[in-house]
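What follows is a short report on a single structure.
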Amino acid sequence: MTIERTLLQERLISIVRRFPQRKVLVIGDCVADQFVFGAISRVSREAPVFILKHEHTETAPGGAANCAMNLASLGAAVSLIGVAGEDEAGRAMMEKLQASGVDCSSLITSPSLNTTTKVRILAGHVHSTRQQVIRIDYEGQPLTDFRLRRSLQEKVDKEVGATDAVIISDYNYGTVNADIVSTIRDTAGARGIPILVDSRFQLSSYTGFTSATPNEEEVETLLGKPVDENELNSGGQELRERLGYRALLVTRGGRGMTLFEEGVEPLQIDAVGARAPVDGTGAGDTVIATYTLALASDASFPDAARLANYAGGLVVMKRGTAAITSDELGESVLR
């Protein structure tokens, strides 16, 4: 058992060492994740609510931008295609991306757009840990401008032919459309590179790609029924076949992940790390980033899934929208 585990660790570490040699293209909905921290000072006289004394505000790249941040943190070369407004949230997001080494030359900004922004209010007493009490979403308007759409398509046409893997990150804000999907399928598909999909509400429309990383709730929605432990095994394979994927990695929170691969039995991967996560914000972006980069680095589906599982276990122990490094990933594998 010890020898087998050591061989597995060595194999996973060798995959992580190849990360800096790979380039990944991320296409999708960029989100500015804002975290407003404050201390509860007193109860308002105007209404029975607490007054929050503002301490500071942090902005982090979210959605497709968080996926790109994780890839860069893991050592890969990363290009990001998406849209953002020329507003405060968009500028803050762009600064963080560029500082992290993400290639933003294909990230389109326009004064006519509002950056999709998710504001999380974290409150607590003076000497207590801040807890999220409410989230406020400012959704960007649909991308209907023909010139911006054409520019976005041109960026995809240019970038998709010069990458080792593609991630479609669809948060249902309208960046990815049928023409972009067709280009990815034709150009990247012809090159035989991994194409991974993360789609909250439209996964059934993304067929014929390499793999995806839905959670259990998303699987139940796609199957149209709740599933227990036994039904997940048959349902996961059914969904993989319906989508035409080579593999499907279902994330299950504290119960780890289950990998469904063509021609083999489902592989259950137990969760690693602490049982009580600190914050699950953006964990799915970390998982698909690691999973994709591992596949681009010639990993098998099981080994890519194992590395994604380690990555997920690390990032949920960090507060806010976070990324992990290849050193952290390697250390987790060797524990």
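Annotations for the structure displayed:
- 2 or more residues charged (D, E, K, R): qualifying helices (runs of 4 or more DSSP H) within segment 231-335: 301-315, 326-334
- Residue in segment 287-294 that is touching a residue at least 40 places away in the same chain (Cβ under 8 Å) and over 18 Å from Leu71 (Cβ atoms) present: no
- Across segment 28-47, the qualifying residues are those that are of a type in the set (A, V, I, L, M, F, W, C) and in contact with an Asp or Glu (Cβ under 8 Å, 6 or more places away or on another chain), and the one among them that is nearest to Ala296 (Cα to Cα) is Phe35.
- Filter result for the condition that a residue is aliphatic (A, V, I, L, M), surrounded by fewer than 21 Cβ atoms within 10 Å (Cβ to Cβ) and out of contact with any Pro (no Cβ under 6 Å at 6 or more places or on another chain), over Val102, Val83, Val78, Val43: Val43
- Being open to solvent by 50 Å² or more (accessible area, probe 1.4 Å) and either closer than 19 Å to Val31 by Cα or under 22 Å from the mean Cα position of the chain (by Cα) (or both) is not true of Ser169.
- Selection of segment 130-142 for residues being touching a Leu at 6+ places or on another chain (Cβ under 9 Å) and open to solvent by 40 Å² or more (accessible area, probe 1.4 Å) yields Gln131, Gln132, Val133, Gln141.
- Counting the residues of segment 1-57 that are assigned to a strand (DSSP E or B) and farther than 30 Å from Gln141 by Cβ gives 10.
- Applying a threshold of 7 Å to beta carbon distances and a minimum spacing of six or more residues, or different chains, the list of pairs starting in segment 220-246 at a residue that is without any contact (Cβ under 8 Å) to a residue 24 or more places away in the chain and ending at one that is in a helix (DSSP H, G or I) and surrounded by fewer than 14 Cβ atoms within 10 Å (Cβ to Cβ) reads Leu222/Ser204.
- Glu231 vs. criteria surrounded by fewer than 21 Cβ atoms within 10 Å (Cβ to Cβ) and touching a Lys or Arg at 6+ places or on another chain (Cβ under 7 Å): no
- Taking residues in segment 3-32 that are closer than 30 Å to Lys118 by Cα and of a type in the set (D, E, K, R), and partners anywhere that are open to solvent by less than 50 Å² (accessible area, probe 1.4 Å) and assigned to a helix (DSSP H, G or I), the pairs with Cβ atoms closer than 6 Å and at least 6 places apart or on different chains are Asp29/Ala64.
- Number of positions in segment 293-308 that are more than 17 Å from Val264 (Cα to Cα) and not aliphatic (A, V, I, L, M): 2
- So Tyr138, is it at negative phi, touching a Gly at 6+ places or on another chain (Cβ under 8 Å) and among the aromatic types (Phe, Trp, Tyr): no
- Residues of segment 46-62 satisfying the condition of being under 30 Å from Glu331 (Cα atoms) and either open to solvent by 60 Å² or more (accessible area, probe 1.4 Å) or not hydrophobic (A, V, I, L, M, F, W, C) (or both): Glu58, Thr59, Pro61, Gly62
- Restricting attention to segment 143-156, the residues that are free of Cβ contacts under 8 Å to residues at least 40 places away in the same chain, closer than 13 Å to Thr175 by Cβ and either open to solvent by 100 Å² or more (accessible area, probe 1.4 Å) or of a type in the set (Ser, Thr, Tyr) (or both) add up to 1.
- Cross-chain or 6+ apart pairs with Cβ under 9 Å, segment 157-186 first and of a type in the set (Phe, Trp, Tyr), then in a helix (DSSP H, G or I): Tyr171/Ala64
- Cβ-Cβ distances below 6 Å connect no pair with a first residue in segment 79-108 that is farther than 20 Å from Gln153 by Cβ, a second residue that is among the aliphatic types (A, V, I, L, M) and surrounded by fewer than 17 Cβ atoms within 10 Å (Cβ to Cβ), and a separation of six or more residues or different chains.
- Members of segment 1-40 that are open to solvent by 70 Å² or more (accessible area, probe 1.4 Å), over 31 Å from the mean Cα position of the chain (by Cα) and aliphatic (A, V, I, L, M): Met1, Ile3
- Boolean, Gly174 is open to solvent by less than 50 Å² (accessible area, probe 1.4 Å) and not in a helix (DSSP H, G or I): yes
The values are calculated or read from the model by the stated rules, or taken from the named source; none is laboratory data. Given the structure is predicted, the values throughout are model-derived calculations rather than measurements. Here Cβ is always computed from backbone atoms with ideal geometry, including for glycine, and neighbour counts include all displayed protein chains. Accessible surface is based on the protein model in full, side chains and every heavy atom, while ligands, DNA and RNA are left aside. Shrake-Rupley method; radii C 1.70, N 1.55, O 1.52, S 1.80 Å.
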